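One structure below.
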Amino acid sequence: MARVFARAGYHVFIHQDYESRVRGGHNFFQIRFSDRPIMASRRPIDIVIALDRPSITNDQENLTASGIIVYDSAILGQTYDGPEFFNVPSVEIATEDGGSKIMANTVATGAVLGMLGVELTIFEDVLKGSFAKKGDAVIRQNIVAARRGHEFARHHCTRCAFSAAAVGKPLLLIDGNAAIGVGAVMSGCKFYAAYPMTPSTGILNYMASKSDQYGILVEQAEDEIAAINMALGACFAGVRSMTGTAGGGFALMVEGLSLAAMTETPVVIALGQRPAPATGLPTRTEQGDLLFALYAAHGEFPRIVFAPGSPEQAVYLTNKAFELSHKYQVPAIILTDQYLADTQWTYGGFDLSRLPYTDYRVRGEAYSSLPEYKRYAFTDTGISPFAVPGDGPHPVVADSDEHDEEGHLIEDAETRRGMIEKRLYRKLPLLRAEIAPPVLYGNPDAQTVFIAWGSQYGVLREATERLQEQGAAMLHFTELYPFPGTEKFDYLAILRKARRTVCVEQNATSQFARLLKAETGFSCSATINKYDGRPFLLEDLLGELDAHLG
Amino acid sequence: MPTLADLEGRIPAWCPGCGNFGILRAFKQAMIELKLSPHEITVVSGIGQSGKFPHYTKCNTFNGLHGRTLPVATAMKLVNHAMPVVAEAGDGDCYGEGGNHLLHAIRRNIDVSLFVHDNQIYGLTKGQASPTSMEGMMTKINPHGVVCEPLNPMVFALALDCSFVARGYAGDSEHLTRLMKAAINHKGFALIDILQPCVTFNLVNTYGWFKQRVYRLGDDYDPEDKEQALQKAAEFGDRIPIGIIYRNNRAPMNDRIPLIASTPLVKQPFEPLEVAQTILNDFF
Ligand SMILES: Cc1ncc(C[n+]2csc(CCOP(=O)(O)OP(=O)(O)O)c2C)c(N)n1
Ligand code: SF4
């Protein structure tokens, strides 16, 4: 259904709420669509499609004055009275001429589109696409089912006053996980190893689905320790590689992260946060692993930590993570969470020319013609040439022990000092110079500045737009480490000028506010914390923000 | 073709008389006989006395973490199956810390050769028991002797139908060279458990102890006979056979992936402009 709206040119935002079980439980999607760009879920609901009774009890209170609850009394085993209820006998319609019960879904979708006054042509195209593999007969049956549902709604929904004709060019619909996948594939990622863990399994699925088409080798590792070690082995052998996990799996990867640093082997790690400690709430959301991602692993070394706020940012930042990780030979972490991983957004397209690909490896002729080679040669930038083993006549030697320029293990103090200076002191300032500053949305002279990082972007941005008249602006951070300086944009001046600075985070201990203070000395005047595992809905956040506007 | 001089590495920091010297000698000889120059083979090692091994010769080297040689080696083989990949590990390294990876390397049957320097003790950390230490062995942390039965890696590998299962002895480098060559030439996962005297910490399983027990499997021994192999694998006491105990020809994982059937992944080009033309189609 969401795809129909997107193809009709509507901006769509979908958020998923599901329990950690395979069948049953109360699960829902919220689909919001609009003719203007949107980036959050709202509390009021116009149409509830109730597939179980809890949908009715949970959502009735959020129904708008003219809202409608669509249900099938045959599925719910009960009829409801009241002007807001609309009984669509989808199972009965689907099975009318011996059709299959599964098509009740198609009937229901047809009915809702009928209620909204949306023509069926786009849905019919979507059905043709989805069932292409199943053959013409299945497509035809589904189209008939959709038409019957549509007609039923046109005739029987007396309260339906919606009219949602197509508004423009089709938009693409993408979730955060797939966006990371797109960014990775476009960055030349050729090897993805992971152990399944919500909320990052979607990346593994996406990469596997593109394996044949784009030549990506995807391996389900025996555990996360293997996953990161595989990613490092693959990179050493000559291709770009990546792994993805959640906090628990990342905990197992930590020694490997340190190995990446010591051997200067690039790796990109997608870390999808979920409420913890331990197993926590597997299918829910939190921003509780920021400081863990920043400080995980023994030893001192530079790393890259990016936290996209939307699928679009995820595409670009995944690319930037690959580019910087390979340019500087340091590990990069893309920090998302269940909310961003699973929400779907619409866009006109992405500017794929903004996704550079530079092969930093020394390979082929460039390597075979070198008179000598040292994997960890001291250079002004701290970056040593990284050759592809086998391409040239010199062996490539990497070591997790402290090592000399050739990669062989050493004990002496002088070489140790030199290597620390190379890996850390020389690279870090160069890496820091590549970091983009946070983005200000709104007036630089705002009295109130809301601060957010990562996935709070969408909901806070919509909220801030509504509070603009009351002097609010928003500062959003995505490139978190190395922490952005003020050379390119003096965001600290804006924060210092504001009367109120409120940091909005989905965790209990204001990890970003603390990081900001540690890196810049700036203390926010207030924080808003949410740690119930559920994302902010627009109205709820507005309520909280209002309290700070004074 | 490399000469011994081409394979000269750093000066080993092993104790004089350590079994690792015999393994190093056998390895260099195998490289010479296989005509593999230093850049034509990759050795992945872990941490322990055996982990230092590749530094003492010349080869592409990834000296990674304790216990984690096999995932690194597996990925290397998947990315570049034209390159022979050898993993060098200690008994603590790969039967203890990295046991899980061994199980899965055998299951995948990745075309990697694993040479385990099995000294039945933790050498680098100065003499604790390892998974292959014999029952009753006294160590600082086992004042009453080791109370568990040792792992028999040959029986373990055989039970998982590992495609090449061999036992070697550091005191018989000539024989070990042959085993190493056979393992590297074998298409599939090959395990050689190499009995390696640790002259400093293992005062039970000494050269003398092995000399009384170790014997070569004869030419009439058929390594494809699994039942007989099980018997030989279990033989570890008064008599210890060395040689190829078991071999089968299960197809290696890297031969079963269509994506890399014709060209190694590392040689497959990436064309960003081509990918850009289609990658967003799924989302409309
Ligand atoms: C994660 C981790 N745990 C512990 C160690 C310490 N450690 C280094 S080598 C080793 C065991 C050595 O025994 P073995 O693997 O049998 O190799 P050997 O030194 O006997 O060749 C241990 C426990 C380590 N390096 N890393
Ligand atoms: S401690 Fe044992 S294994 Fe280590 S070098 Fe000495 S003899 Fe060899």
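Throughout, read-outs are computed from the coordinates displayed, never taken from laboratory work. All of these numbers come straight from a predicted model, not from anything done at the bench. Cβ coordinates were reconstructed from backbone atoms using ideal geometry, including for glycine residues, and neighbour counts include every protein chain displayed.
Some points to look at:
- Scaled against the 2.2 N^0.38 Å expected of a compact globular protein of N residues, the Cα radius of gyration of the range A:1-52 reads 1.27.
- Ratio Rg/Rh, restricted to the range A:439-546 and using Cα atoms, in which Rh is the Kirkwood radius: 0.93
- Computed from the Cβ-Cβ distance with R0 of 22 Å, the FRET efficiency linking B:Lys126 to B:Glu8 stands at 0.15.
- Its alpha carbons considered, the range A:103-160 gives a radius of gyration followed by a Dmax of 11.3, 38 Å.
- Charge dipole of chain A (Cα centre as origin; +1 on each Lys and Arg Cβ, -1 on each Asp and Glu Cβ, all else neutral): 980 debye, rounded to the nearest 20.
- Semi-axes of the equivalent ellipsoid for the range A:2-156, computed as √(5λ) from the eigenvalues of its C-alpha gyration tensor and ordered from largest down, come to 24, 20, 16 Å.
- Computed Kirkwood radius, in angstrom, where 1/r is averaged over Cα pairs of the range A:174-354: 15.6 Å
- Cross-link pairs A:Lys374/B:Lys77; A:Lys320/A:Lys530; B:Lys35/B:Lys187 - those with Cα-Cα distance over 20 Å: A:Lys374/B:Lys77; A:Lys320/A:Lys530
- Straightening the chain between A:Leu424 and A:Glu365 buys 18.2 nm, computed as 0.36 nm per residue apart minus the Cα-Cα spacing.
- DSSP beta bridges confined to the protein assembly as shown are antiparallel in about 25 percent of cases.
- Bins of 10 Å from zero: percent of alpha-carbon pairs in the range A:414-465: 19, 30, 19, 18, 12, 2
- Translational diffusion coefficient (Stokes-Einstein; Kirkwood radius from C-alpha pairs) of chain B at 37 °C, 0.692 mPa s, in µm²/s: 168 µm²/s
- Taken over the Cα atoms of the range B:178-238, the convex hull encloses 126 Å³ per residue.
- For A:Lys210, the aspartates and glutamates whose Cα falls under 18 Å of its own Cα, not counting residues fewer than eight places away in the same chain, are A:Asp175, A:Glu219, B:Glu271, B:Glu274, B:Asp282.
- Proximity of backbone amide H atoms, modeled 1.01 Å from N, is registered between B:Ile245 and B:Val165, B:Ala166, B:Arg167 at under 5 Å, excluding neighbours fewer than 5 places apart on the same chain.
- Seen from A:Met197, the other residues with C-beta closer than 12 Å to its C-beta sum to a net charge of -1, counting Lys and Arg as +1 and Asp and Glu as -1.
- Where only DSSP H runs of four or more residues are counted, chain A gives -11000 deg cm²/dmol as its mean residue ellipticity at 222 nm, each run worth -39500 (n - 2.57).
- A Förster distance of 45 Å, applied to the separation of the beta-carbon atoms of B:Leu273 and A:Leu291, puts the FRET efficiency at 0.70.
- Volume in Å³ per residue [convex hull over Cα atoms, computed for the range A:364-434]: 101 Å³
- B:Asn248/B:Val147 FRET efficiency (R0 22 Å; Cβ-Cβ; nearest 0.05): 0.05
- Label-point gap, in nm, between A:Ala377 and A:Lys128 - each point 7 angstrom along Cα→Cβ: 5.9 nm
- Base-10 log of normalised Debye intensity for the protein assembly as shown (one unit scatterer per alpha-carbon) at q = 0.05, 0.10 Å⁻¹: -0.34, -1.07
- The range A:292-316 residues near the modelled A:Val254 label - backbone nitrogen below 16 Å, point 7 Å along Cα→Cβ: A:292-301
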